[in-house]
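In what follows, a single structure is set out as structure tokens and then discussed.
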Amino acid sequence: MQDVHQLRCTGCASVIALEALKENFRCPDCGDLYEVEYPAWSAKAAAPPANARVKRNLPNPSALRWLWKERRTSTELKDQSGVWRFRDLLPILADEANIVSLREGNTPLYALPRIASATGVERLYAKHQGMNPTGSFKDTGMTTALSVAKERGFGWVACASTGNTSAAMAAYAARAGMRSLVLIPDGKIAWGKLSQALDYGALTCQLRTDFDGCVRVLSEVVRRAPVYLLNSVNPYRIEGQKTPALEIAEQFEWEAPDHLIVPGGNLANSSALGKGFLEMKQLGLIKKAPRVSIIQAEGANPLYRSMQASGGRELTPVEAHTRASAIRIGNPASWRKAVRVVEASGGWVEQATEAEIALAKAEIGAEGIGCEPASAVTLVGLKKLLAAGKIAASESVVLLLTGHTLKDSDYTIQYHRGDLLSEEEIGPLRPEIEITRRNTIELDADAEQVLRTLDGAAQ
Ligand code: F0G
């Protein structure tokens, strides 16, 4: 499979030999990030030069659609994975025996009937990436990048993380029999995520800094030790993370929704999904791609500020503060890629306050679905884009929920106990927040008391 892919710098467009790639995955000339590219798919490759190693050998779109559906009934691991099921669009390995998979992907697309009727958007769905093996969307990119690490003979993999990447990396490394090094910000990640890294056997270092500080330290570590970097600057992560776009298209009978709303942290996921939709369009699998909008927490909003100040031409890092710890990132690595996706797709960038995030999370929870705080920014984004007239109620919208609600149960409990937000943060949202709060009720072990409580609730 490997021969058909190459890496192109997204800044200066130069192509690099796979062996020449630096350990930090940055272009030696301009410092920008690489993207995996498949020359066989481009229109130019319709008539490849006689000496070309690449052949235009892709099945036609309907054959691909049929093949991908058929694989769901197979008992083979690579077919049961919702990522490798689409391996025809992921030719990054020389040998498929190197695939490391936990049967990721194939996540559900849920209707959100209560939020649909409250907002008027009838065709509203949540694509729940929290239903992956380690509880977040990171698994889709980890299976691809870690398989590449295995194929290239690395013994150690490493990442800096706000928690989910480290959980995913530790799990996949353990499956592959590889060692993993995790750098996380001290005291600033959710317990669910930290417990996963420990359980899956990662060497877990809590650094006295924030996520951006962990990234800085790790970039020096990978220069000095033979460890393979698995942060999302690794272009092979992006290849796996584009596959939920294929699943969404499949779940919409190969017609993309009008809008996709995604949380933004380090800004790789939005870029990956945008790439997925673009490639499907290029290959004739879909006719039109959705608008991709990115939502950040107000306290960790460098992309939002950049769009306001310079239309996304420059980005000034911020010191990030938000309880949505997954997206507490002030200096996002993939911001240029994200700007391109927003511009190319005709989407927007919005921000969400702490109270808006908490309320939206409770509203998604009340649908029986739940998600972690960072995922809930997508619903805040929907409300804002509707209010601004940028999304019409008649259009179809998918909210990408990135993490499982059990990742950060402390946050949820504090919200329902009324301990999460300050009066000042709650502001005018108090009535809506009060309706969604569900604290526990303490009673004696007495059926009468329970029946009286039931009676009261049924009124
Ligand atoms: N949602 C969740 C649950 C996340 O864990 C992250 C990122 C994002 C959204 C944002 O995605 O960075 O691609 O824009 N978490 C990373 C981590 C940074 O280390 O787990 P992004």
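The values are calculated or read from the model by the stated rules, or taken from the named source; none is laboratory data. Keep in mind the model is a prediction, meaning the values are calculated, not measured. Cβ placement follows ideal geometry from the backbone for every residue including glycine, while neighbour counts extend to all protein chains displayed. Only protein heavy atoms, including side chains, enter the accessible area calculation; ligands, DNA and RNA are left aside. Shrake-Rupley method; radii C 1.70, N 1.55, O 1.52, S 1.80 Å.
Annotation note: Cβ proximity below 8 Å between a residue of segment 331-359 that is assigned to a strand (DSSP E or B) and a residue that is within 14 Å of the ligand (Cβ to nearest atom) and among the aromatic types (F, W, Y) (sequence gap 6+ or interchain) occurs for V349/Y304; E350/Y304; Q351/Y304.
Within segment 157-189, restricting attention to residues that are assigned to a loop (DSSP other than H, G, I, E, B) and open to solvent by less than 10 Å² (accessible area, probe 1.4 Å), the residue that is farthest from the ligand (Cβ to nearest atom) is G163. Check whether at least one residue in segment 290-300 is within 29 Å of G427 (Cβ to Cβ), away from the ligand (no atom under 13 Å from the Cβ) and surrounded by fewer than 23 Cβ atoms within 10 Å (Cβ to Cβ), and report yes or no. Checked segment 290-300: at least one residue is within 29 Å of G427 (Cβ to Cβ), away from the ligand (no atom under 13 Å from the Cβ) and surrounded by fewer than 23 Cβ atoms within 10 Å (Cβ to Cβ).
Taking G192 as the residue in question, decide whether it is outside any strand (DSSP E or B) and surrounded by fewer than 17 Cβ atoms within 10 Å (Cβ to Cβ).
Details: outside any strand (DSSP E or B): yes; surrounded by fewer than 17 Cβ atoms within 10 Å (Cβ to Cβ): no.
No; evaluated as a whole, the condition is false for this residue.
Only one residue in F137, F154 is within 20 Å of L90 (Cβ to Cβ), within 15 Å of the ligand (Cβ to nearest atom) and either aromatic (F, W, Y) or buried (at least 24 other Cβ atoms within 10 Å of the Cβ) (or both). Which one?
Details: F154 fails: within 15 Å of the ligand (Cβ to nearest atom).
Going through F137, F154 in turn, the sole match is F137.
Residues in segment 391-440 that are under 18 Å from V377 (Cα atoms) and aliphatic (A, V, I, L, M): I391, V397, V398, L399, L400, L401, L406, L420, L421, I426, L429, I433. Assessment of segment 358-374 against the conditions (closer than 21 Å to A245 by Cβ, open to solvent by 10 Å² or more (accessible area, probe 1.4 Å) and away from the ligand (no atom under 12 Å from the Cβ)) yields at least one matching residue.
Is it the case, given these coordinates, that K287 is of a type in the set (K, R) and away from the ligand (no atom under 16 Å from the Cβ)? I'd like the intermediate steps shown before the answer.
Numbers: of a type in the set (K, R): yes; away from the ligand (no atom under 16 Å from the Cβ): yes.
It is true that K287 is of a type in the set (K, R) and away from the ligand (no atom under 16 Å from the Cβ).
Return the total of residues in segment 84-98 being open to solvent by 20 Å² or more (accessible area, probe 1.4 Å) and part of a loop (DSSP other than H, G, I, E, B). Break it down into steps so the answer makes sense when it comes.
Residues of segment 84-98 open to solvent by 20 Å² or more (accessible area, probe 1.4 Å): 87-88, 94-98.
Narrowing the set further to residues that are part of a loop (DSSP other than H, G, I, E, B) leaves 94-95.
Total satisfying the criteria: 2.
Determine if segment 212-223 includes at least one residue that is within 14 Å of the ligand (Cβ to nearest atom) and touching an Asp or Glu at 6+ places or on another chain (Cβ under 6 Å). Scanning segment 212-223, I find no residue that is within 14 Å of the ligand (Cβ to nearest atom) and touching an Asp or Glu at 6+ places or on another chain (Cβ under 6 Å), so the answer is no.
Given S270, S232, which one is touching a Lys or Arg at 6+ places or on another chain (Cβ under 9 Å) and outside any loop (DSSP other than H, G, I, E, B)?
Values: S232 fails: outside any loop (DSSP other than H, G, I, E, B).
Selected residue: S270, the only one of S270, S232 that is touching a Lys or Arg at 6+ places or on another chain (Cβ under 9 Å) and outside any loop (DSSP other than H, G, I, E, B).
The single condition among (1) surrounded by fewer than 21 Cβ atoms within 10 Å (Cβ to Cβ); (2) closer than 17 Å to E247 by Cβ that A272 does not satisfy is (1). Residues in segment 395-405 that are buried (at least 24 other Cβ atoms within 10 Å of the Cβ) and farther than 15 Å from I327 by Cα were compared, and the one that is nearest to the chain's Cα centre (by Cα) is L399. Restricting segment 67-76 to residues that are open to solvent by less than 60 Å² (accessible area, probe 1.4 Å), of a type outside the set (F, W, Y) and in a helix (DSSP H, G or I), the residue that is farthest from E253 (Cα to Cα) is R71.
Number of residues in segment 224-276 that are among the hydroxyl-bearing types (S, T, Y) and either more than 27 Å from R152 (Cα to Cα) or away from the ligand (no atom under 12 Å from the Cβ) (or both): the value is 4. If you filter segment 195-212 down to residues that are among the small types (G, A, S) and buried (at least 17 other Cβ atoms within 10 Å of the Cβ), you find that the one that is nearest to W156 (Cα to Cα) is A202.
Rundown of residues vs (1) in contact (Cβ under 8 Å) with a residue 60 or more places away in the chain; (2) assigned to a helix (DSSP H, G or I); (3) surrounded by fewer than 22 Cβ atoms within 10 Å (Cβ to Cβ), yes/no style:
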| position | (1), (2), (3) |
| --- | --- |
| L382 | yes, yes, no |
| L386 | yes, yes, yes |
| A392 | no, no, yes |
| K407 | yes, yes, no |
| Q414 | no, yes, yes |
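Can you find a residue in segment 107-123 that is within 15 Å of the ligand (Cβ to nearest atom) and open to solvent by 10 Å² or more (accessible area, probe 1.4 Å)?
Initial filter on segment 107-123 (within 15 Å of the ligand (Cβ to nearest atom)): 107.
Checking the rest, the ones that are also open to solvent by 10 Å² or more (accessible area, probe 1.4 Å) come to none.
No, that holds for no residue.
Restricting attention to segment 215-251, the residues that are surrounded by 24 or more Cβ atoms within 10 Å (Cβ to Cβ) and basic (K, R) add up to 2.
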